[in-house]
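The values are calculated or read from the model by the stated rules, or taken from the named source; none is laboratory data. Since the model is a prediction, treat every value here as computed from it, not as a measurement. All Cβ positions, even for glycine, are placed from backbone atoms using ideal geometry, and neighbour counts span all protein chains on display. Heads up: the accessible areas ignore ligands, DNA and RNA and are worked out on the full protein's heavy atoms, side chains in. Shrake-Rupley method; radii C 1.70, N 1.55, O 1.52, S 1.80 Å.
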Amino acid sequence: MPSLKDLRTRIASVKATQKITKAMQMVAAAKLRKAQMAAEAARPYAEKMEGVLANLGAGVDLSSAPRLLAGTGADKVHLLVVCTAERGLCGAFNSSIARLAREHANRLLADGKTVKILCVGKKGNDALRRTLGNNIIDLVEFRSVKQMSFVQADEVGTRVLKMFEDGEFDVATLFFSKFKSVIAQVPTAQKLIPCEIPARASAKGAEAVYDYEPDEADILSTLLPRNVKVQVFKALLENAASEQGSRMSAMDNATRNAGDMIKKQTQKYNRTRQAMITKELIEIISGAEAL
């Protein structure tokens, strides 16, 4: 049985941890609103980009379309762009994205494909290098960046586009977590290259008929690289909001658990102290009766 001093030390330690988790919860709550607004503001732009590409893609022959739309004609080498956070203590946010990417990579490897992984965020690299370390080609870190902007998306997008131009892969897939609410973030896999054009009839704003000048192929050659960077930007913003939401929930649960632990340890401390007092009284009374 632990002594009273051990119990006091344990209670003080848990109280200190509770203060830290409560502070982290409040910081995450303050950052969440701004990150959520940024993610929601980026969605209409990305959706409108898909609508424009749907219109343009409907009038282009794939045999003469840009490679970013038509692809290389092969399906041998796959690039997985795995976007996670730079820090932990945010629940299952990082592990769920890494799990989705790992399952996708294992399916490709089982089919005899070559898999290359580009990690955007330290935690994804830490989770994947245990089983897929040989497939990781590089790590892009944004630890010093306080708020994601298009500069970071441009860096990642330019890197991916250069690799595609150099023939280093055939298909690129983007992994991130889509923000739904504070308690719900959905791990998502989105094909980045070749670009997936939505059906013309179902694409928002794609029902109208337009005449383009210059022709569709020339416009696509300019918009498709931009679309890659826009989708990466959207993924980074969705991740930023999802990370703060997940951290807020995780720290709230940790604070509640610390409170429950403090309550149990305090009860144990009081019972142990009462037992020691009772034992001392019994010894005093027994000694008095012996006299």
With a 1.4 Å probe and every protein chain left in place, work out the accessible area per residue of the chain in Å², rounded to a whole number.
-> 55 Å²
May I ask you to list the lysines whose Cα is less than 26 Å away from that of K279, ignoring any residue fewer than eight positions away on the same chain?
-> K5, K263, K264, K268
What residue among A16, A39, A29 has its Cα farthest toward the positive end of the dipole of the range 1-57, where the charges are +1 on Lys, Arg and -1 on Asp, Glu, each on the Cβ?
-> A16
If unit charges are put on Cβ atoms (+1 for Lys and Arg, -1 for Asp and Glu) and the dipole of the chain is taken about its Cα centre, the option from M276, L80, S221 lying farthest towards the positive end turns out to be M276
Could you size up the charge dipole of the chain around its Cα centre, putting +1 on the beta carbon of Lys and Arg and -1 on that of Asp and Glu, and report it in debye to the nearest 20?
-> 2100 debye
In terms of the charge dipole of the chain, which places +1 on Lys and Arg and -1 on Asp and Glu at the beta carbon, the residue among L192, V120, L53 farthest towards the positive end is V120
With label points built 7 Å along Cα→Cβ from the Cα atoms of D154 and R10, find their separation and express it in nm.
-> 5.6 nm
In debye, nearest 20: dipole of the range 212-276 around its Cα centre with unit charges on the Cβ of K, R (+) and D, E (-)?
-> 1320 debye
Fluctuation leader among A189, A127, A16 - the chain, Gaussian network, Cα springs under 10 angstrom | A16
Can you give the percent of C-alpha pairs in the range 1-123 whose distance is more than 24 Å?
-> 61 percent
Using a 1.4 Å probe on heavy atoms of the protein chains only, the accessible area for M163 in Å², nearest 10, reads 10 Å²
Set K48/K178; K123/K229; K191/K234; K19/K123; K34/K180; K48/K234, cut-off 20 Å on Cα-Cα distance; pairs above it are K123/K229; K19/K123
Just how many % of Cα pairs in the chain lie over 32 Å apart, if you round to the nearest whole percent?
-> 43 percent
I284 versus R99, label points 7 Å from Cα toward the beta carbon: distance in nm?
-> 5.8 nm
About its Cα centre, what dipole magnitude does the range 1-55 give when the only charges are +1 on Lys and Arg Cβ and -1 on Asp and Glu Cβ, stated in debye to the nearest 20?
-> 560 debye
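Report the calculated FRET efficiency for K191 and R256 (r = Cβ-Cβ distance, R0 = 35 Å), to the nearest 0.05.
After rounding to 0.05, the efficiency reads 0.30.
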For S181 paired with S144, estimate the spin-label separation in nm (one decimal), with each label point 7 Å from Cα along the Cα-to-Cβ line.
-> 4.0 nm
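If you roll a 1.4 angstrom probe over the protein chains with everything in place, what fraction of the accessible area of the chain belongs to carbon and sulfur, to the nearest %?
Taking all protein chains in place, the chain shows 54 percent carbon and sulfur surface.
Once every DSSP H run of n ≥ 4 in the chain is given -39500 (n - 2.57) and the sum is divided by its residues, what mean residue ellipticity at 222 nm do you get, rounded to the nearest 500 deg cm²/dmol?
-22000 deg cm²/dmol
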